[in-house]
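All remarks here apply to the structure that follows.
Just so it is clear, none of the values below were taken in a lab; they were calculated from the coordinates. On a predicted model such as this, the values are computed, not experimentally measured, just so you know. Every residue, glycine as well, gets a Cβ built from its backbone with ideal geometry; the counts of neighbours run over all protein chains shown.
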Amino acid sequence: MKFTQEVGVFAYAPSADVYVQQARKDKAITNLMLTSSDMSKVGYAKVGTAVVEVTLDDDADIIPAAVESLRKQQTDIRAEAEFKAQQIEDRIQSMLAICYDAAVA
């Protein structure tokens, strides 16, 4: 499925002038955000408009990609949780060692 839509072009407000100059020089949209949302309320300055042509992939391609992304998120969350749990366990063991040393002395 293919469609065309006009969207706003935004740049991070504190650096908008630099990003626009870079885009003009390079004729590329690096560091610019294209969106249909009004980002001016969250620190971005509208610097133009763009007409975007979108070709959506078939569901047969989208669903495996979405599942792969979810599995990566799942793996990342498990790794982060395990890391935090290990930090807590290290702290517990450190406290128990202090208590044990005090009891022996």
> Could you give the dipole magnitude of the chain about its Cα centre, charging the beta-carbon of Lys and Arg +1 and that of Asp and Glu -1, in debye to the nearest 20?
Replying inline: 480
> For segment 58-105, taking Cα atoms only, what is the radius of gyration to one decimal and the Dmax to the nearest whole Å?
Replying inline: 20.9, 71
>> Rounding to the nearest 10 and keeping the result within 0 to 90°, find how far the Cα-based axis of helix 59-104 lies from the longest principal axis of the chain.
In response: 30
> Using r as the Cβ-Cβ distance of residue 100 and residue 79, and R0 as 30 Å, what FRET efficiency do you calculate, to the nearest 0.05?
Replying inline: 0.45
>> If each residue of separation counts as 0.36 nm, what is the full-extension length gain between residue 24 and residue 88 once their alpha-carbon separation is subtracted?
In response: 17.9 nm
> Roughly what would the spin-label model give for residue 55 and residue 67, points 7 Å off Cα along C-beta, in nm?
Replying inline: 2.5
> Can you list the lysines whose alpha carbon sits under 27 Å from that of residue 72, skipping same-chain ones fewer than 8 residues off?
Replying inline: 84
> If you compute semi-axes √(5λ) of the Cα gyration tensor in Å for the structure shown, which of (i) 28, 21, 14; (ii) 49, 24, 11; (iii) 31, 14, 11 do you land on?
Replying inline: (ii)
> Among 40, 83, 51, whose Cα sits farthest toward the positive end of the charge dipole of the chain (+1 at Cβ of Lys/Arg, -1 at Cβ of Asp/Glu, about the Cα centre)?
Replying inline: 40
> Sorted by mean Cβ packing within 10 Å, highest first, what order do the peptides 7-15, 89-97 take?
Replying inline: 7-15, 89-97
>> Angle check, please: helix 16-26 long axis (alpha carbons) against the longest principal axis of the chain (alpha carbons), in degrees 0 to 90, nearest 10.
In response: 60
> With the dipole of the chain worked out from charges on the C-beta (+1 for Lys and Arg, -1 for Asp and Glu) around the Cα centre, which of 70, 60, 28 lies farthest toward the positive end?
Replying inline: 28
> Near residue 46, which lysines are there with a Cα under 19 Å away, not counting those fewer than 8 places off in the same chain?
Replying inline: 25, 27
